[in-house]
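The values are calculated or read from the model by the stated rules, or taken from the named source; none is laboratory data. Keep in mind that this is a model prediction, so the values were computed, not measured. All Cβ positions, glycine included, derive from the backbone under ideal geometry; neighbour counts span all protein chains shown.
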Amino acid sequence: MTAAYGLAQPGAALAPLIDPFARAITYLRVSVTDRCDFRCVYCMPETMTFLPKAEVLSLEELERLCGVFIDLGVKRLRLTGGEPLVRRGVLELIRALGRRIGTGGLEELTLTTNGSQLTRFAGELAAAGVRRVNVSIDTLDPERFTRITRWGGLTRFSKGCGRQRLRDWRSKSIWSRSRASTTMHSMR
Ligand code: SF4
């Protein structure tokens, strides 16, 4: 039988999600867009055909869907893409989900990003309740970076990620010759 979540009455208790090994499902990754401002060679062709808008959940639908999962016991939510921060209006969704942190059943709201938009959005993300973002950079070599990402430039943020503090954020980085992986934590 298929559970008809859409028919649940507001406020009605829903059975928690349990996997086949009897473990509660408390972590969910949600892709908010298939679009990206990079064209990494290992990810998508340069002339990418994205899904038509009509086939992509609206921000309101995503909020509703995430809300149902939170009601079903999801405590940690990670937004991904594509690049989540290129979706127009995504901050509205992030703010709405951020309001569910604590009293609303959600414990953590995080983001995976290529970092390209982070200098622009870091303050608003922190204000919305995001306490951690993960940034993965394939290389610290500017030429190689452009070769890999095609459309990406090793921006000031990318170069400084992990060394240069963005307002309200501190970072933990794993650096190697070939790539950098950075987790940024909000200080709010
Ligand atoms: S940044 Fe991520 S989503 Fe964007 S093209 Fe590269 S691998 Fe794909």
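Below, the figures for the structure above:
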read-out	value
Selection count where residues are within 16 Å of the ligand (Cβ to nearest atom) and among the polar types (S, T, N, Q), scope the range 14-67	4
Flag if THR112 is among the polar types (S, T, N, Q), farther than 30 Å from LEU154 by Cβ and surrounded by 14 or more Cβ atoms within 10 Å (Cβ to Cβ)	no
Residue check for ARG88: part of a loop (DSSP other than H, G, I, E, B) and within 22 Å of ALA126 (Cα to Cα)	yes
Test: residue in the range 96-114 that is within 12 Å of the ligand (Cβ to nearest atom), in a helix (DSSP H, G or I) and not hydrophobic (A, V, I, L, M, F, W, C)	no
Residues that are of a type in the set (Ser, Thr, Tyr), farther than 30 Å from GLY73 by Cβ and touching a Gly at 6+ places or on another chain (Cβ under 9 Å), drawn from the range 106-150	SER116, THR146
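Rundown of residues vs (1) part of a loop (DSSP other than H, G, I, E, B); (2) touching a helix residue (DSSP H, G or I) at 6+ places or on another chain (Cβ under 8 Å); (3) at pLDDT 95 or above, yes/no style:
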{"residue": "LEU28", "(1), (2), (3)": "no, yes, yes"}
{"residue": "PRO45", "(1), (2), (3)": "yes, no, yes"}
{"residue": "LEU57", "(1), (2), (3)": "yes, yes, yes"}
{"residue": "GLU60", "(1), (2), (3)": "no, no, yes"}
{"residue": "PHE69", "(1), (2), (3)": "no, no, yes"}
